[in-house]
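The values are calculated or read from the model by the stated rules, or taken from the named source; none is laboratory data. All of these numbers come straight from a predicted model, not from anything done at the bench. Because the Cβ atoms are built from the backbone with ideal geometry, glycine has one as well, and the counts that use them run over all protein chains shown. For the accessible areas, the whole protein counts, side chains as well, though only heavy atoms, and no ligand, DNA or RNA atoms are used. Shrake-Rupley method; radii C 1.70, N 1.55, O 1.52, S 1.80 Å.
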Amino acid sequence: MRLYNTLTRKKEEFVPIEDKKVKMYVCGPTVYDYIHIGNARPYVIFDTIRRYMEYKGYEVNYVQNFTDVDDKIIKRANDENISSKEVADKYIAEALKDADGLNVERATKNPRVTEEMDYIVDMIKTLVEKGYAYEVNKTVYYDTKAFENYGKLSGKNIDELEAGARVCVDNDKKSPMDFVLWKPNKPGEPKWASPWGDGRPGWHIECSVMAKRYLGDTIDIHAGGEDLIFPHHENEIAQSEAANGKPFAKYWLHNGFINVDNEKMSKSKGNFFTLRKIADEFPYDVIRFFILNGHYRSPINFSRELVIAAGNGLERIKKCISNLSFLGLNSKTENISDKEMELLNNCSRFKTQFEESMDDDFNTADAVAAIFDFVKFANINADDNSSREFALGIKNKILELCDILGIRAETDEKIDSEDIERMIEQRQIARKEKNWAEADRIRDELKTKGIILEDTPSGVRWSKKG
Ligand code: AMP
Ligand code: ZN
């Protein structure tokens, strides 16, 4: 498995610190509103990478934080006359609902800043003691000049950064590049006690602290959107490596941005969409599939046409799966033929194609193409004469690949007796109206769910098969 490491600017072979285990930290959203369509990308992409690693036999410890202390949260709380905690609780629940919709596996742990305050204060204390941070007027700053490798992730040179920085507005800082680790709260803001007085932490420190607490001093993968490379991740490295005296993360992965109609999404431009709003129009599964259709490091453009096209593609896969179910359940041939056996063995090439794509820096676009090739193969080779084992064998092999990408290609085939009775009734109505096509369609739909109808003199009887 090779992945592009932002830190070294090249593709590298993935070698975990500990055999078959992956410690992965992904920066999560600031919870002051519903997550937007851009936030959906890291959710889907890093979930897919995790799924692929699990498929490859790694045990992934996946930590993603929620930033629940922030100016925007405080503003929203004041506007709505509720507490910051109420705002955060609400939008954490909503973010998880969206993530569930996108079929994102739950993280091993979702730490929240407000629950980690003692550990945050501890790390800041360590940084002060070790000479990497200083206090001025109850505010603690990170001393970027004290950290030798500042700029190594983003490839920025600290002297150039400093020269390029506009007039330093904050006169208390030694250098314009220094950043806040702790600051006093303003009246009405949430606050916590610290050796530097009551206040709250800056943004960057939380991820250093949570990664250490839940994954250890050195982690395998640190991930997030590319906007986080500088300054957020650069600052995380400076904090963690200075405090722990060890390398922080071995591999840094960053997703490209989702733009809307080829423009950067922003509230002021009016092209800003929450995922919830988009999900009113398109199923979550289609949105996930749309995201997987691009390589995670390339920018992708969100437009209705492209999402509709993704939806059509997904439909093609679903149709093939449902057709294979139908053929399997209704096949008259139980035993697989030699020719079918050979064809089935041949299918391993699609899996190889899929794995080669994913092994090459998680190229989900090519992995999806492998699934489409497989679907084409199924459509050509499975028909009414196929054996049950062949049809269902291909189906399971396609589903296995879909599952690695978190694509739900099998329509829910569970059906309760009430639904069955209702559909039988609709079929009877269609028959009375001599609408044979509709009557057949209903019978076939039931068949794909394993329900077989039998017309008897005393009415329609149904039974479950498979
Ligand atoms: P935020 O709540 O802005 O801190 O973002 C949470 C995650 O979403 C981070 O990993 C961001 O880098 C990522 N992100 C934010 N906007 C976009 C976007 N338009 N496209 C892709 N990723 C984004
Ligand atoms: Zn972070």
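Just a few scattered comments:
- Looking across region 62-80, the residues that are touching a residue at least 40 places away in the same chain (Cβ under 8 Å) and either within 15 Å of residue 14 (Cα to Cα) or buried (at least 20 other Cβ atoms within 10 Å of the Cβ) (or both) come down to 62, 63, 64, 65, 66, 67, 68, 69, 73, 74, 76.
- Test for residue 32: is it open to solvent by 40 Å² or more (accessible area, probe 1.4 Å), within 23 Å of residue 201 (Cβ to Cβ) and outside the structural domain of residue 356 (by TED's automatic domain parsing): yes
- Residue check for residue 187: away from ligand 2 (no atom under 13 Å from the Cβ) and more than 17 Å from residue 150 (Cα to Cα): yes
- Inside region 89-136, residues that are without any contact (Cβ under 8 Å) to a residue 24 or more places away in the chain and in contact with a Lys or Arg (Cβ under 9 Å, 6 or more places away or on another chain) make up a count of 3.
- Residues in region 296-315 that are more than 19 Å from residue 281 (Cβ to Cβ) and surrounded by 16 or more Cβ atoms within 10 Å (Cβ to Cβ): 296, 297.
- Condition broken by residue 401, with the remaining ones in (1) at pLDDT 90 or above; (2) open to solvent by less than 10 Å² (accessible area, probe 1.4 Å); (3) under 17 Å from residue 323 (Cα atoms); (4) not hydroxyl-bearing (Ser, Thr, Tyr) satisfied: (3)
- Complete set of residues in region 303-331 that are touching a strand residue (DSSP E or B) at 6+ places or on another chain (Cβ under 9 Å) and either of a type in the set (Lys, Arg) or under 30 Å from residue 273 (Cα atoms) (or both): 303, 306
- For the residues 217, 261, 227, the requirement of being within 12 Å of ligand 1 (Cβ to nearest atom), open to solvent by 10 Å² or more (accessible area, probe 1.4 Å) and either over 24 Å from residue 148 (Cβ atoms) or in contact with a Lys or Arg (Cβ under 6 Å, 6 or more places away or on another chain) (or both) singles out 227.
- Filter result (closer than 18 Å to residue 326 by Cα, modelled with pLDDT under 90 and not β-branched (Val, Ile, Thr)) within region 411-431: 412, 413, 414
- Residue in region 402-422 that is over 30 Å from residue 56 (Cβ atoms), without any contact (Cβ under 8 Å) to a residue 60 or more places away in the chain and touching a strand residue (DSSP E or B) at 6+ places or on another chain (Cβ under 8 Å) present: yes
To keep it simple, each residue is scored yes or no on (1) assigned by TED's automatic domain parsing to the domain that holds residue 238; (2) within 21 Å of residue 248 (Cα to Cα); (3) in contact with a helix residue (DSSP H, G or I) (Cβ under 8 Å, 6 or more places away or on another chain); (4) in contact (Cβ under 8 Å) with a residue 60 or more places away in the chain.
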position: 138; (1), (2), (3), (4): yes, no, no, yes
position: 143; (1), (2), (3), (4): yes, yes, no, no
position: 150; (1), (2), (3), (4): yes, yes, yes, yes
position: 156; (1), (2), (3), (4): yes, yes, yes, yes
position: 163; (1), (2), (3), (4): yes, no, no, no
position: 173; (1), (2), (3), (4): yes, no, no, no
position: 178; (1), (2), (3), (4): yes, yes, yes, no
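- The residue that is nearest to residue 222 (Cα to Cα), among those in region 42-59 that are surrounded by 21 or more Cβ atoms within 10 Å (Cβ to Cβ) and not hydroxyl-bearing (Ser, Thr, Tyr), is 46.
- Candidate set from region 1-59 (those that are outside any helix (DSSP H, G or I), within 16 Å of ligand 2 (Cβ to nearest atom) and polar (S, T, N, Q)); member that is nearest to residue 85 (Cα to Cα): 30
- Residue that is surrounded by the fewest Cβ atoms within 10 Å (Cβ to Cβ), among those in region 248-258 that are in a strand (DSSP E or B) and near ligand 1 (Cβ under 7 Å from one of its atoms): 258
- Of the criteria (1) surrounded by 20 or more Cβ atoms within 10 Å (Cβ to Cβ); (2) touching a Ser or Thr at 6+ places or on another chain (Cβ under 9 Å), which one residue 335 fails: (1)
- Residue 393 surrounded by 14 or more Cβ atoms within 10 Å (Cβ to Cβ), more than 27 Å from residue 104 (Cα to Cα) and not aliphatic (A, V, I, L, M): no
- Flag if residue 197 is in contact (Cβ under 8 Å) with a residue 40 or more places away in the chain, under 26 Å from residue 130 (Cβ atoms), part of a loop (DSSP other than H, G, I, E, B) and not basic (Lys, Arg): yes
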